[in-house]
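Each remark here refers to the structure printed beneath this line.
The values are calculated or read from the model by the stated rules, or taken from the named source; none is laboratory data. As the structure is a prediction and not an experimental result, all values here were calculated from the model. Ideal geometry is used to build each Cβ from the backbone, glycine not excepted, and the neighbour counts take in all protein chains shown.
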Amino acid sequence: MRFDNKYLHQNLFQALPLELGLQVFGSILGYIVVVLVMSNRQTWITQSHLWCLTGIQILKTIVVIITGGHDSNHLTYQTVPKDPNWIFVGPEFHSLHHVYPDRYIGSFIKLFDWIWGTAYTFRGKRFVITGASGAFGQAMITELECEGVQSIHKLEFGYEWDHHDYEKALPTLSTCDVLIMAHGTESSDGVKFNCDSSAQLVQLFKQHRKNKRSNPTLPEVWYIGSEIEFRPSWGNKELEPYSESKRRFLPYARSFFDDPDILYRHIVSSSFPSSIGYALFSGRWAAKTTMWWIRRGARYIPVTHTGVAFFHFYKFIYYFVSLQGDGDVKSPIK
């Protein structure tokens, strides 16, 4: 993301005045609509408010023209950094609109992008997924194939990576844009498989992908968690190893969530039918719900029909940050 001086005058004297005209027209039109729909013409918006807003818009455009287009939403980036704003549009969000003109539409708040699902784009990205043969993995691949992604690679356990040699996955990890970790087990090896392997793969991906500049966005990690990360196993002895392994990963997840070098998405899902057992909703439902949230820019993704994932959002955000701050989260890489 950089400025091209070849278009400087075209931007200052054609694009910006046209944009100002549309803003003023929209403000006047909005004022007229409000006046017409309110009973007895009694509104909390007056003409003085309209003229004040128009003056602010004109003043802002003049400042942008004087500064040569270098306003607060237009900065030079080699790779667009992580967006720290949830509601308001900053330079990180708006920069991606210039890369993907049909996405990241909002200029002040993200309401439009939340409604229409334009706060993310899958187009042209290279995906790698573990657990591709599982119920969720298969459904996610089907969803991604409909989104115009560049490629989807299935990272096979026992062939491209295993618990004794993770570096076999380096050629694949170093050339992808998004790593989806959808593998899991409820066996006694759950900690090694559900926690340690995920932490290892993320660390390797981060270390060997962060200097690649083939994409203007940060490399991404999507981890498929479970509501059992936060709730008890209710005395089910078979689920206790699975619950423990998922909980073990949470401090790592919280650390990755704040990492400035990767964009980490934590997907907290209700149960769906898989080798682990029967459930009410399908893996396809879980994948579709996941994609719905990601299109709206979500990084903590509640794929839930029970409501547990919504309830534990604040626990994930505010409790595990203290573990990171105490230095308890250490890399599993030896």
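Annotations for the structure displayed:
- Selection within region 126-156: residues that are part of a strand (DSSP E or B) and out of contact with any Lys or Arg (no Cβ under 7 Å at 6 or more places or on another chain). The member of this set that is farthest from Gly283 (Cα to Cα) is Arg126.
- Residue in region 112-131 that is acidic (Asp, Glu), within 19 Å of Ile294 (Cα to Cα), crowded, with 19+ Cβ neighbours inside 10 Å and touching a residue at least 12 places away in the same chain (Cβ under 8 Å) present: yes
- Tally of residues being among the hydrophobic types (A, V, I, L, M, F, W, C), under 23 Å from Trp222 (Cα atoms) and in contact with a Gly (Cβ under 9 Å, 6 or more places away or on another chain) across region 71-128: 5
- Test: residue in region 95-104 that is surrounded by 12 or more Cβ atoms within 10 Å (Cβ to Cβ), hydrophobic (A, V, I, L, M, F, W, C), outside any loop (DSSP other than H, G, I, E, B) and not assigned by TED's automatic domain parsing to the domain that holds Gly21: yes
- Candidates in region 63-94 are the residues that are in the same structural domain as Phe3 (by TED's automatic domain parsing) and assigned to a helix (DSSP H, G or I); of these, the one that is nearest to Asp177 (Cα to Cα) is Val64.
- Residue satisfying condition, being loosely packed, with under 11 Cβ neighbours inside 10 Å, out of contact with any Cys (no Cβ under 6 Å at 6 or more places or on another chain) and not assigned by TED's automatic domain parsing to the domain that holds Gly148, within set Leu53, Leu29, Leu12, Leu20: Leu29
- Scanning region 204-222 for residues that are surrounded by 17 or more Cβ atoms within 10 Å (Cβ to Cβ) and either at pLDDT below 90 or part of a helix (DSSP H, G or I) (or both) yields Leu204, Phe205, Lys206, His208, Arg209, Asn215, Thr217.
- Residue-level check: of (1) free of Cβ contacts under 8 Å to residues at least 24 places away in the same chain; (2) within 18 Å of the chain's Cα centre (by Cα), His164 misses just (2).
- Subset of region 78-93 (residues that are more than 21 Å from Tyr300 (Cα to Cα) and surrounded by 15 or more Cβ atoms within 10 Å (Cβ to Cβ)): Thr79, Pro91
- Filter result for Ser95 (in contact with a helix residue (DSSP H, G or I) (Cβ under 8 Å, 6 or more places away or on another chain) and among the polar types (S, T, N, Q)): no
- Subset of region 223-242 [surrounded by 15 or more Cβ atoms within 10 Å (Cβ to Cβ) and under 18 Å from Tyr319 (Cα atoms)]: Gly225, Ser226, Glu227, Ile228, Glu229, Phe230
- Residue in region 223-246 that is without any contact (Cβ under 8 Å) to a residue 60 or more places away in the chain and part of a strand (DSSP E or B) present: yes
- Residue match in region 42-62 (condition: small (Gly, Ala, Ser) and in a helix (DSSP H, G or I)): yes
- Complete set of residues in region 148-161 that are touching a residue at least 12 places away in the same chain (Cβ under 8 Å) and touching a helix residue (DSSP H, G or I) at 6+ places or on another chain (Cβ under 9 Å): Ile152, His153, Lys154, Leu155, Phe157, Glu160, Trp161
- Filtering region 40-48 for residues that are modelled with pLDDT of 85 or more and under 29 Å from Gln14 (Cβ atoms) leaves an empty set.
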